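Scroll down for the structure; my scribbles are underneath it.
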Amino acid sequence: MIALSQVSRSFTVGDQEVSALRGIDLDIAAGDYVSIMGPSGSGKSTLLNLIGLLDRPSSGTYKLDGGDVTALDDVQQARVRSEKIGFVFQSFHLVPRLTAAMNIELPMILAGIPPEERKERVAKLIENYGLKDRADHRPDQLSGGQRQRVAIARATSMNPAVLLADEPTGNLDQTTGREVMALLEQLVEQKVTLILVTHDPMLGGRAHRQIQMVDGAIISDNGKKT
Amino acid sequence: MLLPDLVKLTSSSFLSYRMRSFLTGLGIAIGITAVILLTSIGEGLHQFVLAEFSQFGTNIITVQPGKTQTQGGNVGILGSVRALSLDDADALRRLPYIEHVNVSVAGNAEVKANGRMRRTMVLGEGREFAGAFTMKVQSGTFWPDEDNEQARALVVLGAKVSQELYPGQNPLGSYLRVGGQRFRVIGVMEPKGQILGMDLDDTVFIPAARAMELFNRPGLMELQASYRTSVSADVVIRAIKESLIARHGREDFTVISQEQALDVLSSVLDVLTFAVGALGGISLLVGAVGILTIMTMAVTERTAEIGLLRALGAQQRQVMTLFLGEAMLLSALGGLAGLGLGVGIAQGLHLLFPALPVHTPWLFAVLAELTAIGIGLASGVAPAIRAARLDPVEALRTE
Ligand SMILES: Nc1ncnc2c1ncn2[C@@H]1O[C@H](COP(=O)(O)OP(=O)(O)OP(=O)(O)O)[C@@H](O)[C@H]1O
Ligand SMILES: [Mg+2]
């Protein structure tokens, strides 16, 4: 489903070229559960952003569902992100002025889904993620765990095929982190492809496939699903 | 993105920065208030003056003795400014298109009756005064056909004079002294009110010939001719000039048409209204700068949010729409507040000073609101484009 070949990404800082990714070859099958680990600055986030079409490779090709997506324009890429990809961030990234329910609704609003259908889906997500009595609260009235649950509900509201999580438990304590991981793993059971970036070997170890990165390159990849 | 959602999202940021939004909108509001207030007063004055002038109908041409536009030279040297006479009026009556010709002489005199005395304006008029000026006699009549030197000593009273001198009585048929001469009351006018500072109710009307005699004047002060509305003023003016030049031997009189006077007045008032509106425009410019500043700040503050929106599938155009929407909402609300304030203050002033006429044309209110929205749009464009062009990854990394 995701096929990267010889993907590189470099940044120009001042007059220096910084290579964040070097010649990445990576295939990820639909429904896979992949963890990406590695030291800070090894290019994990850069890779995730590329997969999520927030960034473009400096060279190499990226095929999603068989089609080359590197050449798409902004409107087309936005549509792919809207329909196929969900993001979960370490710092939650909720819109502070909007209620939990509105935050969850946001991707559907942007996609122009009719209000009746949105309402139904939001209600279901709120129920599923145990946010029933928090629906009308704003993010600053929520605990970290609740915030991340809102973020996950939001990421899944458009039923994406791929969920990209960049250290989703990084700002949470262990117990809450475990709860959040459980929710994400539930999604894997529902055939969502989950790509998880983490520093925690314990968490990374739970994935079906584990990838180690160092210095913009993949140094180990335990391959297929277990 | 659906329109109601756009409104909901933009108003959410508006509401969460209430104070700031209020202050920014205030700039526009003050501008619109100024524009609306000043133009309301300008328009009100305009309409007031127009109404005053056209109370008697606009198809009136006035002839006065003496030529005001003579170039150099003193007409007095030859001593030959001929007075306008009752015969001149008769000559004009015979011209085509002319409906009524009124003659007038004005002055002040003491009026005595019933043991009461009052100083009032005395208008010496022709028999066609009421017809030419669309004024009505309440009881009795105006004097019959006799615009000549032998005019009888008859008087028609203004409503107020009648009330003051004959409280609760019917003055018709009684005698009254005007400047020492005896006049018989044959009519009372309907109340008319003030017109350009003259109180026509505190006035007595006598035949023009008697007034000339009373005030010891050689001729008329003014001739007013009303003409059929189907012809243009120019045609009538030409006919009047030809006729009078033939009679006087030269143009020693001035012809003014109501229409021309109104045109000049209108354009002067239009310029005034415009100038005053432009002044308000300057405050709108200040408001526009305010919106530009606040939107630029908003883009900087909400960079991470912009990155998030892009990650959630927003197109660049949608991000732009959201910020433009915010700028427009700010200015539209500011504009509405300004409209309300402007009209409110204008009406309030009118209540305080009833003499000050105010009028807000609908079209003007709509234009002002559209201008406000346009200003929001214009000042929001640059920040909105900046927001749309942000690199999503960079944006997401800002905290
Ligand atoms: N916009 C940028 N400009 C310059 N250099 C960048 C930029 N983004 C990333 N880099 C560089 O690319 C490399 C990889 O960054 P990346 O954020 O992908 O690392 P990471 O593995 O996610 O690290 P961490 O675990 O700390 O989040 C780093 O050396 C970083 O300095
Ligand atoms: Mg990272």
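The values are calculated or read from the model by the stated rules, or taken from the named source; none is laboratory data. Bear in mind that the values here come from a model prediction, so they are computed numbers and not experimental data. Ideal geometry is used to build each Cβ from the backbone, glycine not excepted, and the neighbour counts take in all protein chains shown. For the accessible areas, the whole protein counts, side chains as well, though only heavy atoms, and no ligand, DNA or RNA atoms are used. Shrake-Rupley method; radii C 1.70, N 1.55, O 1.52, S 1.80 Å.
Data table
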read-out	value
Members of the range B:197-216 found to be out of contact with any strand residue (DSSP E or B) (no Cβ under 6 Å at 6 or more places or on another chain) and modelled with pLDDT of 85 or more, listed by number	B:201, B:207, B:209, B:210, B:213, B:214, B:216
Unique match (being assigned to a strand (DSSP E or B), modelled with pLDDT of 85 or more, open to solvent by 50 Å² or more (accessible area, probe 1.4 Å) and under 26 Å from residue B:193 (Cα atoms)) among B:110, B:99	B:110
Residue A:112 vs. criteria away from every other protein chain (no Cβ under 13 Å), away from ligand 2 (no atom under 16 Å from the Cβ), surrounded by fewer than 22 Cβ atoms within 10 Å (Cβ to Cβ) and not charged (D, E, K, R)	no
Residues being among the aliphatic types (A, V, I, L, M), open to solvent by 30 Å² or more (accessible area, probe 1.4 Å) and more than 45 Å from the chain's Cα centre (by Cα) - total across the range B:374-399	2
Among (1) part of a strand (DSSP E or B); (2) away from ligand 1 (no atom under 13 Å from the Cβ), the one test that residue A:36 misses	(2)
Options B:300, B:321, B:293: the member that is in a helix (DSSP H, G or I), polar (S, T, N, Q) and within 14 Å of chain A (Cβ to nearest Cβ)	B:321
Top-ranked residue in the range A:63-101 [being crowded, with 22+ Cβ neighbours inside 10 Å and assigned to a strand (DSSP E or B); ranked as nearest to the other protein chains (Cβ to nearest Cβ)]	A:87
Any hit, the range B:152-161, residues being over 21 Å from residue B:103 (Cα atoms), in a helix (DSSP H, G or I) and open to solvent by less than 30 Å² (accessible area, probe 1.4 Å)	yes
Failed criterion for residue B:187 (all others in (1) in contact (Cβ under 8 Å) with a residue 60 or more places away in the chain; (2) in a strand (DSSP E or B); (3) small (Gly, Ala, Ser); (4) surrounded by fewer than 21 Cβ atoms within 10 Å (Cβ to Cβ) hold)	(1)
Qualifying position, being crowded, with 17+ Cβ neighbours inside 10 Å and either free of Cβ contacts under 8 Å to residues at least 40 places away in the same chain or touching a Cys at 6+ places or on another chain (Cβ under 9 Å) (or both), among A:198, A:176	A:176
Hits in the range A:26-53 (condition: open to solvent by 30 Å² or more (accessible area, probe 1.4 Å) and more than 9 Å from ligand 2 (Cβ to nearest atom))	A:27, A:29, A:30, A:39
Residue that is farthest from ligand 2 (Cβ to nearest atom) [pool: residues in the range A:11-25 that are within 14 Å of another protein chain (Cβ to nearest Cβ) and open to solvent by less than 30 Å² (accessible area, probe 1.4 Å)]	A:21
Test for residue B:326: is it modelled with pLDDT under 95, within 30 Å of residue A:54 (Cα to Cα) and not in a helix (DSSP H, G or I)	no
